[in-house]
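We did not get these values from a lab; they are worked out from the coordinates using the rules stated. Predicted, not measured: the structure shown is a model, and the values here were computed from it.
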Amino acid sequence: MRMKGWRRQVEQLQTEAYFFYVLFKDPRTSWYTKGIAACTTAYLFSPVQLIPSFIPVVGFFDDFLVLFLGAKVVQKITNPDLLRECREVAEAAECTRKEKVRTGIARYSVLLTAGSWLLIAVAGSAFLAAYVYR
């Protein structure tokens, strides 16, 4: 039950990250919006920070705070129609990604099942041959 909640949150985070990527790549996004997004990202990946990330709780809290505030500022200064369009593109991409993952898992599960049966058959035959022809 709890894993489904975490999985849903991770999927939502992936969708949000892709949403900001689509927004950043859209030519209608203003340069200062792109600048705020780039500075927020640069701070997160920078080795020089106000509070270093290796400090247990506070180090990650300041990263989260910068990311949260950067996302809120970007959403406030961007045209609502552009935000809606980019969110639709991100959600459609998430649905497509889920279908590809399901298809890939189905393909590999068939191969894994067939390979397992083949391995069991070969091992069983070898076992019988070793004890019958002794």
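Observations on the structure shown:
- P(r) histogram, all alpha-carbon pairs of the chain included - 10 Å bins from 0, percent: 10, 24, 23, 16, 10, 8, 6, 2, 0
- Lys pairs under 28 Å by Cα in the chain, provided they are eight or more residues apart or on distinct chains: 11
- Computed Rg/Rh of the range 19-63, alpha carbon atoms with Kirkwood Rh: 1.12
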